[in-house]
Every structure is written in structure tokens, then in C-alpha cells.
1. Starting from the 7 Å offset along Cα-to-Cβ, what nm value, one decimal, do you get for the label separation of B:Arg25 and B:Val4?
2. Within 10 Å of each Cβ in A:19-28, how many Cβ atoms from other chains are there, averaged over the peptide?
3. Using θ = phi - 60° and the Karplus curve 6.51 cos²θ - 1.76 cosθ + 1.60, what whole-Hz ³J(HN,Hα) does each residue of the range A:193-208 get, with Gly and Pro shown as x?
4. How much length would be gained if the chain were fully extended between A:Tyr159 and A:Ala134, taking 0.36 nm per residue of separation minus their Cα-Cα distance, in nm to one decimal?
5. Counting only protein heavy atoms and rolling a 1.4 Å probe, how much accessible area do B and A lose on contact, total for both sides, in Å² to 100?
6. Please average, across the residues of B:11-18, the number of beta carbons from any other chain that are within 10 Å of each residue's own beta carbon, and give a whole number.
7. Report the extension gain between A:Leu103 and A:Phe75 in nm, rounded to one decimal, defined as 0.36 nm multiplied by the number of residues separating them, less their alpha carbon distance.
8. Alpha carbons only, please: Rg and Dmax for the range B:2-87, in angstrom.
Amino acid sequence: MSILIDGLLAILAIYLALQSLLAPRLSQSVFLFFAFGLALALAWVRLGAVDVAITEAAIAAGFLGVLFLDALRDFSSTISEKHNNTEAIQSSASRKKIKTFLLPRLAFGVGLGLFLLISLEAIWQIPQGGGLTAAAESMLPESGVEHPVTAVLLNFRAYDTWLEIGVILLGLLAIFVTGGIKIYTKPDVVAKDPLLRQVILFFTPVLFLFGAFLLYIGKSGPGGAFQAAVLWGAIGILLHLGGKPVFAMIPRWVGQLVLIMGLGFFLLMGFVFMSGGATLFEYPKAYAGTLILIVETLAAISIAAALTAIYANLNQMKEEPKENESAN
Amino acid sequence: MDVVFIIVSIFLLLNIALGLFRIWRGPTVADRLLTTQLFGTTGMAVLLVLAGYLQELTLLNVAITFNVLAILLVIGLFQVWKTRKERSDDNI
């Protein structure tokens, strides 16, 4: 019977993925992508990967949604300024594209086919008995945490997690580079709407508490630093939308310190224990649980700050030309 | 009992599929955004039903995550689009 749910979810996910790529209007694509995130989260739940489901829910529902809405606004203003009849132009452009871009499409199709073949072969080769699951679970008592996913992420494969934190920082750096440094200016928009004010006042503690809960529960169940970080980052985005940009209100060096704190502490700790004869990112067994919790907390704060900064800076980059116009 | 869980979750999933109609029709971004709120709520209901079916209480965390973050989209739309309200957002 449960195959019905799985089948429906699979069809829904694939249909939504295709439609979000092929939809003729951008706003359709954006919201279909949001629905795709939901279907994907449900699919992860059915596959038994609750950790991934929480991450997918947090990133698709929260962070990407807001970023896409922002992008949508940009596109809508540029297109409606330039052309009155967008539909006609879009359709004629797509007709032209079909003729001129046949070869790239063919190459893309061949590449996709090859990729599918390779992934089919990979599925074929999944070792019986669950691969490395047994090895990971046998070392679980030594990792300092009770949840196997957290043990793998922060102990057995800590190097990967460290790099992942770095990737988010790298994305932020790219925005800094393209957007310039004069980002920490305070926008004039202040939340005068009492409803908005109340919503922000209500949701800030809820988001903070639930993020902290997810962070702590990561020790013994699904949850952890990245999920908590998105929830905490949502606080920053909410405050920014309410006219209280966090990065404009704190001194710049504090912001920079918060941003690199997670990455820096992780690396410093790795080197400190390395000097004591351990390998990189190897914890002493007695303190492993506590150290993992500290690393996770700092990483969550850093990632949350990075997500906030990414959203805030993308917004600022667009405001800039308008400010120049009014100054002129 | 399992059959009830499965029928309810399939019914809820079909609800999501029907909601897609509103994303297609639009006509404004706000209409489409409301559909995503429906998806969030229905998704939470599916997760709660699945939590009962699979006897896995951690699914409740997924449901809460979805729903505390759903507010972000609404406020994002409200704050980001209100400055350009006069321009038509129908063409996108």
C-alpha cells in the first residue's frame, strides 16, 4: 500500500522538477521550485533520511525562497521597463533559440544520457550489506555523539564539513567582490507597520529557540549545525526585512569575526590537537562530545551570519544605483 | 489503521497536486505565493500523518522547520515587492 505514496511522491517530484525548468513564466518557475523542495523533503522522509529532509525544508522553504523572490523582483522591473509585451518577445526569442542552439542541446542530451548510464551503473554496484554503515556504527561509541549522521559529519569526515562551511563563506566573498565593500550602509526602510513589527517580535524567539533545539538534538537525533544555521539566519533576514539590518548595526570587525568564527575555530582546534600527535580534526575521546557541540554552535552562528550577509548584500547591491540617481 | 494513514496522506498529496493549478493560472505573484503557503500547511499535515504511520517522532521537527520558515516568504514578498507596487507584476 505504501508504494502508492512513494509512487505519487516520485511522480510529483519529477513533474515539478521538469515544470520548474520549463515553465514559460519566471514566477511559475520560482514557485514550482518551492513546491519541488517540499516534494523532495517528503521524499527524503520516505527514504529515511530525516536529517536531509530538515535541511531541504529549511533551505528550500526559507532561504532559497526569499532569494528567488528577490531575483524575481529584479527581473520583473528590468523586463517591464524595457518591453511592454514580454510574452511575445519571449516566445519569438525561444523560437530563435531552437534553431541556433541545436548543437549545444544535442551535446547536453548526450551528456545527460551518459550521466544517467553512469548513475545506473553506480546503483548497480551498491555493495550488499550497506557499505560503510557497519564500520561507522561500530565506531559510534568513540565519536562522542549518539547520532550516526552527526558522528560522520563532525567526527569521521570532519574535513568535508569544514570545507562545506568554507564554501558558504566563499559564496559570500564572491558577493563582496562583485558588490564592492560599501555594503554596510543602513537602508532607510524602518518597520512602521505594526503587524510586521509584531510578526518579527513573535518569530525571532521562536526561530532562535527552535534553531537551538535542532542544534542540541543533533547529538542524539536528526538535526545539527546547518539546519540550526538556516533558522538563525532566518532571524537575520527577518530583521533585515523589518528595517533593522544586523550588519549595519554592529561594528565591522565584529561582523567579520562572527563570519569566520566557525571556520577558524574548527581549523585552530584541528591544528592544536595535531600538535599533540593526533591527525587533523581528530578529537581527544574524553572531550569529543563537548568539542563537537562547541564546533557546531560556532559553525551554526557563522553560517547564519553568512546567510544573512548574503541576503543583505544582494539587496544592497540593487539599492545602490537608485541611491545614486536620487543623489544626482 | 495503516490503511487510514496511507489514504489520508495520498489525499493530502493530491491536494498539493491540485494546488499546482493556481501556480499555473496565477495571475499575480501574490496568488502564487498563497499556493506555497497551502503547500507548506499541507506538507506539514502529510509529515504529521507519516510520523504516525512510520512511528517516527523526529518527523515533527521537519514539519516545524517548514512552518516557522514559511513566514519568511510572506514577509519577503511583502517587503521586497511593496516598493514597486505600481509596476505590473503580471508579466513575469
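The values are calculated or read from the model by the stated rules, or taken from the named source; none is laboratory data. Here the structure is a predicted model, which is why all the values come from computation and not from measurement. Heads up, the Cβs are rebuilt from the backbone with ideal geometry, glycines too, and the neighbour counts pull from every protein chain shown. Note: areas computed on protein heavy atoms with side chains; ligands, DNA, RNA excluded. Shrake-Rupley method; radii C 1.70, N 1.55, O 1.52, S 1.80 Å.
1. So the two model labels end up 3.4 nm from each other.
2. Values: counts 3, 1, 0, 0, 2, 1, 8, 3, 12, 7.
Per residue, the number of nearby Cβ atoms from other chains is 4 on average.
3. For the range A:193-208, the Karplus curve yields 5, x, 5, 4, 4, 5, 4, 5, 4, 6, 7, 4, x, 4, 5, 5 Hz.
4. Values: separation 25, 0.36 × 25 = 9.00 nm, distance 2.10 nm.
Full-extension gain reported as 6.9 nm.
5. Details: alone 6990 and 20610 Å², together 22200 Å².
In total, chains B and A hide about 5400 Å² from solvent.
6. Values: counts 0, 2, 8, 2, 0, 8, 7, 0.
Mean shielding by partner chains, rounded to a whole number: 3.
7. On the way: separation 28, 0.36 × 28 = 10.08 nm, distance 2.80 nm.
Answer, rounded to one decimal: 7.3 nm.
8. 15.5, 52
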